[in-house]
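Asks: Got a structure for you, written out below as structure tokens; questions coming shortly.
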Amino acid sequence: MLKISDINVYYGNIHALKGVSLDINQGEIVTLIGANGAGKSTLLKTISGLLKPKNGEIAFENEHVAGKVAQAIVKRGISQVPEGRRVFANMSVEENLELGAYLRKDKKGIKEDFEKVYQLFPRLYERRKQLSGTLSGGEQQMLAMGRALMARPRLLLLDEPSMGLAPLLVKTIFNIIAEINKTGTTILLVEQNANMALSIADRAYVIETGKIVAAGTAEELSQSDQIRAAYLGGH
Amino acid sequence: MTAKTPLLKVENAGIRFGGLKAVSDVNVELKQGELVGLIGPNGAGKTTFFNLLTGVYVPTEGSISLAGEKLNGQAPYKINQKGISRTFQNIRLFGDLSVLDNVKVAYHSLAKHSILSSIFRLPSHFSGEKEMEEKAIEFLKIFKLDGVMHEMAKNLPYGQQRRLEIARALAANPKLLLLDEPAAGMNPQETDELMNLISLIRERFDLTILLIEHDMLLVMGVCERIYVLDHGQLIAEGTPEQIRNNPKVIEAYLGEEVS
Amino acid sequence: GCNSSSTSSSNGGESDKGGTIKIGANLELSGGVASYGQSIKEGIDLALEEINKDGIDGKKIELVPFDNKSEAPEAISGATKLISQDKVVAIIGSATSGNTKAQIEIAQSNKIPLLTPSGTAEDVTFKDGKLNDYVFRTCFIDPFQGTVAANFAFKDLKAKTAAIILDSASDYSKGLAASFKETFTKQGGKIVKEEAFVAKDTDFRAQLTNIKGAHPDFVYVPAYYEEVGLIIKQGRELGIDVTMMGGEGWDSPKLVELAGKDALNNTFITNSYSPADNDPKVQEFVKAFKAKYKDKTPDAFNALGYDSAYFIADAIKRAGSSDSTKIQKALAETNGLELVTGKLKLDKNHNPIKSAVILEFKDGEQTFKSKVDPE
Amino acid sequence: MNSLKKAKGFWSTMAVVVIFSVVTQFLINGGTLNSFYVNALFSIGINIILAASLHLIIGITGQFSIGHAGFLAVGAYASAIVTMKLGLPFPVAIIAAGLAAAIAGLIIGIPTLRLRGDYLAIATLGFGEIVRIVFLNFDYVGGASGMTVSHLTTWPWLIACVAITIVVIVNFTNSTHGRACISIRENEIAADAMGINTTFYKVMAFVIGAFFAGVAGALHAHNFYIIQPTNFGFLKSFDILILVVIGGLGSMSGSVIAAILLTIISTFLSNYPEVRMVIYSLVLIVMMLFRPQGLMGTKEITSFLKIGKSAKGGVHHDGKNTTA
Amino acid sequence: MEQFIQQLVNGISLGSIYALIALGYTMVYGIVKLINFAHGDVFMVGAFIGFYSITILDLGFFPALLISMAACALFGVLIERIAYKPLRNATRIAALITAIGVSLFIEYGTIYIRGAQPEAYPNGIVPLKSLEIFGVKISGQSILILAVSLFLMIVLQFIVHKTKIGKAMRAVSHDMDAAKLMGINVNNTISATFAIGSALAGAAGVVFGMYYTKIEPLMGIIPGLKAFVAAVLGGIGIIPGAMAGGLLLGVIEALVSATGGSLWRDAVAFIVLILILIFRPAGLFGKNVREKV
Ligand SMILES: Nc1ncnc2c1ncn2[C@@H]1O[C@H](COP(=O)(O)OP(=O)(O)OP(=O)(O)O)[C@@H](O)[C@H]1O
Ligand SMILES: Nc1ncnc2c1ncn2[C@@H]1O[C@H](COP(=O)(O)OP(=O)(O)OP(=O)(O)O)[C@@H](O)[C@H]1O
Ligand SMILES: [Mg+2]
Ligand SMILES: [Mg+2]
């Protein structure tokens, strides 16, 4: 579904992604793990069109999207839940969700999706008139996911959805991710919390200082000693 | 201080934001040298509680005292000078200052040279600055940051920024150190290192530490006691063992099983 | 814009070489009162074009313009530049008394004549009992016009009470108002209201409402046309129907457009020049000006700029030299020079003695009312 | 960093300044420099003081102040009163000007305790306008027509004031007190939490900055023969602000270089009065488009010459404190 | 009493003009976070375009108003694309300096092209009678201006809060990257903001010309500054705030002038501004949200 081949991304002089290649198949959950500053967010931003790769190819459903502007990419069915939630703090929950469906014209479909999102996150329904800036961290994360779902994406990019969340909420969020996946949405999940991520993913990639250093099924990787030592902690 | 008076005593403290009681009726006591955890769901009021302790917000009810001295209504910088120092949940370094200068800023209130002595470059300026520099480098060494001391803080990788925040907080020579999610955004490996560091500085500086964290491995691993906040109120207090098995905490925060 | 044909030069050669004589123009070409400076420059450019047709004893006058941005510090650096860099033999400028005063010390110490076309404050040429011998002006000084207006209001219009609205940022306006007030009260009239505004204001309704409340027989408005136009328009709208009067600052075709013909009825001005004047000298000027500037009718600043250039040219001619001290002497001795703004003679304080005319606006046209000679 | 080395650098800089000023004085006396250039030189000096003093407030402390002309005005009028009305000597006038402006700085420092960003900007702008209007209505100093002032600003006075301003501000900046100010700019909440008395340092920055703007006012008044309220409007404040930003926010040498460069450009453009302002505005726009961080960015000239230590400069790119 | 009411009426008329300019100001300001100092100059350009439409093209008031609004919208977009867009990631203070540069450029560009002399709007383009109630004169024009500003305020408030483009504007204003991820075209949204804001400035220019007659190249400076003050007074980015701020400023000025303090007028206005800000640091309508720590 998504095929990334040999992309290089720079921030000025900083070479953030060095020849990264990666594939995602329809219906999968793929996770990308790596330390701080490895380039995970950079990769997601590049897929979404917020950053332009210097070279290399990104193909989404066999169409070239590398270097296209974000809105064109969103339109093709890729949505991102950005790192740190980035909800529109000065707008209500409802308005945030409306903006998620910004490019869509089908009023009926939008209405359906509103209901779907509220079903997935009943909390959001309770708070639909509240300014999103005043939500708690977990609620904001739910909103960010709901907002991305409003675009009816076929590929959902999640950037550290568990960051800063209470253990209970982390579990909830991961359950929801699995649920979203079941409804047919393909997922690329970036996580620090590698244990959790590997537990729900089909396949995984490991990224280190801008390079993919390992890839395989989730199971394979969680068994690898090297990976365990570096990312899964000594416990 | 006598063994009787706790270092920090918070009685019935609370604050409202409009209609919202973000923190209410909280009682906390920390003894000299303790390492205590503060946990609770998102939005429970943990950070807000830190803000009350450090004077960022003025409590609308209750009282806070450090070593017997009341702190309510004092300006944040005064509270810092009296001995409470903190880190922030969302990192707040002085981005365009060097790592070394970040630490020196925190050491500022301990410096003795006046503005005039600096303007006229009197001897006290040079000796004062020299002392600051030596002290600051000492702190950075503990945190293994001396190698990057001339880098601008904003250019550090995330993990080092977190450590620098702690180093900076320590440079203000606090009696009580407040850490707000120091392990956020760290992978398990880095979290391990952080745990060791926290234990180390407690020993070395004879500190009392209050720590907010969502990483249960860390909290349960280092804390002697834990307070649990939910909806602005304390719902539990006890040893890690007690907390782990407290049904209220499990329901509100932990979920069924914890590793 | 500024259809200046002359260009500046900074090579600082001697003025005599190549048969040109350099004079500077230190004017407000940008900034707050740019419109005055630009009008003056248009007048100067036209005059120099005419003068340079034959030249002065074969020499042409070259104008070196300088933009003082309507600021005194800039005016000073302008005067310094014109004198030390461009080596001009005399300076025309500036439009306002303040910017002119800023240059006095430089002009005096360098012995370069400084001629302001429109700086009317008394102490420009004569201050603290001392004559600034290198400083001259082409325009009236303030007191004379105010006196003429007061006499006219009290004696001819039989006004017993008067109100004044003045521009407190302008020496010119304050000077006129002061002399009007003095004469009017001396005659037995009463000033029932004094209001002030600051140049560039656009809304005068608050002050005018106060004036209306005082029910004066007569309103004196010693200010420049840009504000006067609005004052008259807004005053009439608020129902102030009595006679209004002002000085040559009113004189611009723009005034009629701003105030509107109807509102302008029952208003008078004292002036030394009027484009409607049948004097052939004036008509010739108006014709030439219109030809050069796309049919624009010249206003008082245009005329004063034009006259200032002739004033200096005449002095250079009589001095028979481009030596600044000689030009200064010739300027001081000017007597009976025929200019657009009247016959020019200087008194001992370097102030022009010109007769004033009183004009009345009728349906937007200036009509001659009477002529007053200075005592 | 050893202090001896620093002191050496300091004295050698001073020596350069003294030699430069003596040579220039000879050139002036000898008439090699005609008075037009001398005038430009004086303007440059005054602008350097203004830029340096505003640099302390905006560049270092991060307080977005756009009423600097107000302090300039206070200094100009105070000094003019001292020399012209009271007949006291010029040095007294310079000090009086600085003190009067510093008091004004103290007053305007007070709203800064509550206002941030744009709200502070508009309050300082308002303050500048209030000062101007007060002088406009104050007949003792000539009201709108202003005050005539004798020419007392001489080259030695000017160069001495410029040198003192730079030394004091640089010394202040490169000390724990300067770092305290920078920490306020970088993150006020964190600075407060780290024990910095933010109120004190914000007001202090205003007071010191205003003091030197006042000194510049004294030099200005006694250089230009006349002072009028119209010379101190908000556009003048913008002119000073432009120097600081074009130089590079947070860079002292940038402010100085910008003051020199822009004054020269402006002087040069006076040869082309018709297009002067059009070109000047284009220069501004183009400079900002191509170097939005200013000429020097956040660096100091010393970091190129490797004299002192690295720059103290820099302003947050999300611009929380120095918001425009 | 009669005089007092007359002064109040004077103040409200003056204030509606400030409000009209402030509306566009505050909108651009609220969304792009840029103090667009050139706004006052777009207002001036609008006044001139209206003037030439009326005198040269011989159009009536309303066609002239529309032409001016359209032209200014285009002009505003052009300014944004050329001068501000490249600075989107720079400090806001850099953008402010550019805005000052643009402002000077428009002012002196206009002077270079047509000179500094003023122009007078023809009288009676809008034949409105003035009312007289108990001796208080209310000109028809001032009622028209007040009505126009109120109407535009409501329209603007509706656009920003209820329409899709308005929501996109607010999203862009809060977080540009997140807005891009929603599929919002940030460039077009910002252009739309400038177009609407500048069209309002253009409208204000024509209305100003009609009401005050005199227009000149530097006419935008003071009203621009006053409108900025009004916008801040009401709370940056808050549309009804700009309206209230403008009216308040106008009334203060009129009352100060009426009590004989016309020379202190601006000083009093600024003192009131500073006092209000001290007690309400985010303006009259602004919520003083403290940064969450
Ligand atoms: N805007 C930027 N300018 C310059 N460098 C950047 C920028 N954003 C990221 N980088 C650098 O690019 C590299 C990759 O960063 P990225 O944010 O992709 O890491 P990450 O894997 O998402 O880390 P984290 O776990 O902290 O989110 C890092 O070295 C980072 O410092
Ligand atoms: N300045 C403020 N104004 C209004 N509400 C606030 C403010 N600060 C905090 N709150 C509210 O108080 C509650 C507690 O917030 P707080 O940040 O203390 O939570 P927390 O326990 O630290 O959560 P997390 O674990 O997500 O950091 C939240 O509902 C928050 O929205
Ligand atoms: Mg990341
Ligand atoms: Mg928190």
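Asks: When segment E:209-246 is examined, which residues are found to be within 14 Å of chain C (Cβ to nearest Cβ), part of a helix (DSSP H, G or I) and over 24 Å from D:G233 (Cβ atoms)?
Replies: E:G209, E:M210, E:Y211, listed by residue number.
Asks: Restricting to segment D:34-58, name every residue that is hydroxyl-bearing (S, T, Y) and open to solvent by 10 Å² or more (accessible area, probe 1.4 Å).
Replies: Of segment D:34-58, the ones hydroxyl-bearing (S, T, Y) are D:35, D:37, D:43, D:53.
Of everything in segment D:34-58, those that are hydroxyl-bearing (S, T, Y) and open to solvent by 10 Å² or more (accessible area, probe 1.4 Å) turn out to be D:S35, D:Y37, D:S43.
Asks: Within segment C:32-127, which strands (runs of 3 or more DSSP E) (wholly inside it) include 3 or more residues that are over 27 Å from C:K254 (Cβ atoms)?
Replies: C:60-67
Asks: Oh, and also: Pull out all pairs, ordered by first then second residue, where Cβ-Cβ is under 8 Å, the residues are six or more apart or on different chains, the first lies in segment A:180-197 and is touching a residue at least 40 places away in the same chain (Cβ under 8 Å), and the second is among the charged types (D, E, K, R) and part of a helix (DSSP H, G or I).
Replies: Partner pairs satisfying both residue conditions: A:V190/A:K40.
Asks: Every residue in segment D:166-197 that is of a type in the set (S, T, N, Q) and more than 7 Å from chain B (Cβ to nearest Cβ), please.
Replies: At the first step, the residues of segment D:166-197 found to be of a type in the set (S, T, N, Q) are D:171, D:173-176, D:183, D:187, D:197.
Of everything in segment D:166-197, those that are of a type in the set (S, T, N, Q) and more than 7 Å from chain B (Cβ to nearest Cβ) turn out to be D:T173, D:N174.
Asks: If you take just the helices (runs of 4 or more DSSP H) that sit entirely in segment B:29-119, which of them hold at least 3 residues that are within 16 Å of ligand 1 (Cβ to nearest atom)?
Replies: Details: elements: B:46-54, B:76-82, B:99-107, B:115-119.
Filter on segment B:29-119 gives an empty set.
Asks: Cβ-Cβ below 7 Å, separation at least six or inter-chain, first residue in segment E:162-180 and outside any helix (DSSP H, G or I), second open to solvent by 10 Å² or more (accessible area, probe 1.4 Å): which pairs?
Replies: Partner pairs satisfying both residue conditions: E:D175/A:R86.
Asks: Looking at segment E:244-293, which of its residues are more than 19 Å from D:V131 (Cα to Cα), crowded, with 22+ Cβ neighbours inside 10 Å and not aliphatic (A, V, I, L, M)?
Replies: Residues satisfying the conditions are E:G245, E:G246, E:G250, E:G283.
Asks: Here is a further query. Do the conditions hold for A:L155, that is, is it at pLDDT 90 or above, within 16 Å of ligand 3 (Cβ to nearest atom), surrounded by 19 or more Cβ atoms within 10 Å (Cβ to Cβ) and away from chain B (no Cβ under 14 Å)? Give the derivation first.
Replies: Values: at pLDDT 90 or above: yes; within 16 Å of ligand 3 (Cβ to nearest atom): no; surrounded by 19 or more Cβ atoms within 10 Å (Cβ to Cβ): yes; away from chain B (no Cβ under 14 Å): yes.
So A:L155 fails the test.
Asks: Limited to segment E:86-118, what total is found for residues that are part of a helix (DSSP H, G or I) and open to solvent by less than 30 Å² (accessible area, probe 1.4 Å)? If you could, list the steps in order and put the result at the bottom.
Replies: Initially, segment E:86-118 is screened for residues part of a helix (DSSP H, G or I), giving E:86-87, E:92-114.
Still in the list and also open to solvent by less than 30 Å² (accessible area, probe 1.4 Å): E:87, E:93-104, E:106-111.
Final tally of qualifying residues: 19.
Asks: Right, something else. Scan segment E:270-283 and tell me whether some residue there is free of Cβ contacts under 8 Å to residues at least 40 places away in the same chain, touching a helix residue (DSSP H, G or I) at 6+ places or on another chain (Cβ under 7 Å) and within 16 Å of ligand 2 (Cβ to nearest atom).
Replies: Yes: one or more hits.
Asks: (1) within 12 Å of ligand 1 (Cβ to nearest atom); (2) open to solvent by less than 30 Å² (accessible area, probe 1.4 Å); (3) of a type outside the set (K, R): which one isn't true of A:I78, the others all being true?
Replies: Status for A:I78: all satisfied but (1).
Asks: Ok, one more. Output yes when any residue across segment A:159-176 is away from ligand 2 (no atom under 16 Å from the Cβ) and buried (at least 24 other Cβ atoms within 10 Å of the Cβ), and no when none is.
Replies: First, the residues of segment A:159-176 that are away from ligand 2 (no atom under 16 Å from the Cβ): A:159, A:174-176.
In the following step, the residues that additionally are buried (at least 24 other Cβ atoms within 10 Å of the Cβ) were identified as A:159.
Yes, there is a match, as at least one residue in segment A:159-176 is away from ligand 2 (no atom under 16 Å from the Cβ) and buried (at least 24 other Cβ atoms within 10 Å of the Cβ).
Asks: Of everything in segment A:86-109 that's basic (K, R) and either within 11 Å of chain E (Cβ to nearest Cβ) or within 11 Å of A:M150 (Cα to Cα) (or both), which residue is surrounded by the most Cβ atoms within 10 Å (Cβ to Cβ)?
Replies: A:R86
Asks: Hey, another quick one. For the subset of segment C:98-145 comprising residues that are touching a Gly at 6+ places or on another chain (Cβ under 7 Å), of a type outside the set (V, I, T) and crowded, with 24+ Cβ neighbours inside 10 Å, which member is farthest from the other protein chains (Cβ to nearest Cβ)?
Replies: Filtering segment C:98-145 for residues that are touching a Gly at 6+ places or on another chain (Cβ under 7 Å), of a type outside the set (V, I, T) and crowded, with 24+ Cβ neighbours inside 10 Å, the one farthest from the other protein chains (Cβ to nearest Cβ) comes out as C:Q145.
Asks: Output the number of residues of segment E:86-109 satisfying the condition of being more than 7 Å from chain D (Cβ to nearest Cβ) and either at pLDDT 90 or above or out of contact with any Pro (no Cβ under 9 Å at 6 or more places or on another chain) (or both).
Replies: Total meeting the criteria: 5.
Asks: Considering each residue of segment C:170-216, count those that are under 23 Å from C:S35 (Cβ atoms) and basic (K, R), and give that number.
Replies: 2
Asks: Return the residues of segment C:351-375 that are under 16 Å from the mean Cα position of the chain (by Cα) and not in a strand (DSSP E or B); say none if nothing qualifies. Break it down stepwise before answering.
Replies: To start, the set of residues in segment C:351-375 that are under 16 Å from the mean Cα position of the chain (by Cα) comprises C:351-357.
Listed by number, the residues that qualify are C:N351, C:I353, C:K354, C:S355.
Asks: Being over 14 Å from the mean Cα position of the chain (by Cα), more than 16 Å from ligand 3 (Cβ to nearest atom), surrounded by fewer than 20 Cβ atoms within 10 Å (Cβ to Cβ) and over 25 Å from A:K211 (Cβ atoms) is the requirement here; does A:E112 meet it? Write out each step before concluding.
Replies: Working: over 14 Å from the mean Cα position of the chain (by Cα): yes; more than 16 Å from ligand 3 (Cβ to nearest atom): yes; surrounded by fewer than 20 Cβ atoms within 10 Å (Cβ to Cβ): yes; over 25 Å from A:K211 (Cβ atoms): yes.
Here the answer is yes, as A:E112 does meet what is asked.
Asks: Now for a different question. Look at C:L176 and say whether it is open to solvent by less than 10 Å² (accessible area, probe 1.4 Å) and not basic (K, R). Full working, then the answer.
Replies: Working: open to solvent by less than 10 Å² (accessible area, probe 1.4 Å): yes; not basic (K, R): yes.
Yes: the conditions hold for C:L176.
Asks: Within segment B:59-81, which residues are touching a residue at least 24 places away in the same chain (Cβ under 8 Å) and within 12 Å of another protein chain (Cβ to nearest Cβ)?
Replies: Going residue by residue through segment B:59-81, those that are touching a residue at least 24 places away in the same chain (Cβ under 8 Å) are B:59-68, B:77, B:79-81.
Matches in segment B:59-81: B:Y77, B:I79, B:N80, B:Q81.
Asks: Scanning segment B:18-47 for residues that are within 13 Å of the chain's Cα centre (by Cα) and within 12 Å of ligand 4 (Cβ to nearest atom), which turns out farthest from the other protein chains (Cβ to nearest Cβ)?
Replies: It comes out as B:L38.
Asks: When the residues of segment C:193-235 are filtered to those that are within 11 Å of chain E (Cβ to nearest Cβ) and of a type in the set (F, W, Y), which remaining residue is farthest from C:E257 (Cα to Cα)?
Replies: The residue in question is C:F197.
Asks: Related question: Which residues, taken from segment E:248-275, are under 21 Å from the mean Cα position of the chain (by Cα) and away from chain C (no Cβ under 14 Å)?
Replies: Answer for segment E:248-275, where residues must be under 21 Å from the mean Cα position of the chain (by Cα) and away from chain C (no Cβ under 14 Å): E:L248, E:F270, E:V272, E:L273, E:I274.
Asks: Hey, another quick one. Please state which one of A:E61, A:E83 is charged (D, E, K, R), open to solvent by 30 Å² or more (accessible area, probe 1.4 Å) and at pLDDT below 90.
Replies: Details: A:E61 fails: at pLDDT below 90.
Just one listed residue meets the conditions, A:E83.
Asks: Identify the residue in segment A:115-152 that is over 24 Å from B:Y253 (Cα atoms) and more than 16 Å from ligand 2 (Cβ to nearest atom) and, among all such residues, is surrounded by the most Cβ atoms within 10 Å (Cβ to Cβ). Full working, then the answer.
Replies: Restricting attention to segment A:115-152, the residues satisfying the condition of being over 24 Å from B:Y253 (Cα atoms) are A:115-116, A:129, A:131, A:147-152.
Pick out the ones that are also more than 16 Å from ligand 2 (Cβ to nearest atom) and you get A:115-116, A:147-152.
Numbers: A:E115: 11, A:K116: 15, A:R147: 30, A:A148: 25, A:L149: 24, A:M150: 23, A:A151: 24, A:R152: 19.
By that ranking, first place goes to A:R147.
Asks: Here are D:L235, D:L262, D:L243, D:L249: which of them is open to solvent by 40 Å² or more (accessible area, probe 1.4 Å) and under 17 Å from the mean Cα position of the chain (by Cα)?
Replies: On the way: D:L262 fails: open to solvent by 40 Å² or more (accessible area, probe 1.4 Å); D:L243 fails: open to solvent by 40 Å² or more (accessible area, probe 1.4 Å); D:L249 fails: open to solvent by 40 Å² or more (accessible area, probe 1.4 Å).
Testing whether each residue is open to solvent by 40 Å² or more (accessible area, probe 1.4 Å) and under 17 Å from the mean Cα position of the chain (by Cα) leaves just D:L235.
Asks: Report the residue count in segment A:12-52 for those that are open to solvent by less than 20 Å² (accessible area, probe 1.4 Å), assigned to a loop (DSSP other than H, G, I, E, B) and more than 16 Å from ligand 3 (Cβ to nearest atom).
Replies: Number satisfying all stated conditions: 1.
Asks: Somewhere in segment C:135-151, is a residue more than 22 Å from C:F301 (Cα to Cα), touching a strand residue (DSSP E or B) at 6+ places or on another chain (Cβ under 7 Å) and in contact (Cβ under 8 Å) with a residue 12 or more places away in the chain?
Replies: No, that holds for no residue.
Asks: Check off (1) in contact with a Ser or Thr (Cβ under 9 Å, 6 or more places away or on another chain); (2) within 14 Å of another protein chain (Cβ to nearest Cβ) for E:G202 and give me the number that stays unchecked.
Replies: Unmet condition: (2).
The values are calculated or read from the model by the stated rules, or taken from the named source; none is laboratory data. Quick caveat: nothing in here was measured; it's all calculated off a predicted structure. Positions of Cβ are generated from backbone atoms using ideal geometry, with glycine treated the same way; all protein chains shown enter the neighbour counts. Note: accessible area is taken over every heavy atom of the protein model, side chains too, but ligands, DNA and RNA are not part of it. Shrake-Rupley method; radii C 1.70, N 1.55, O 1.52, S 1.80 Å.
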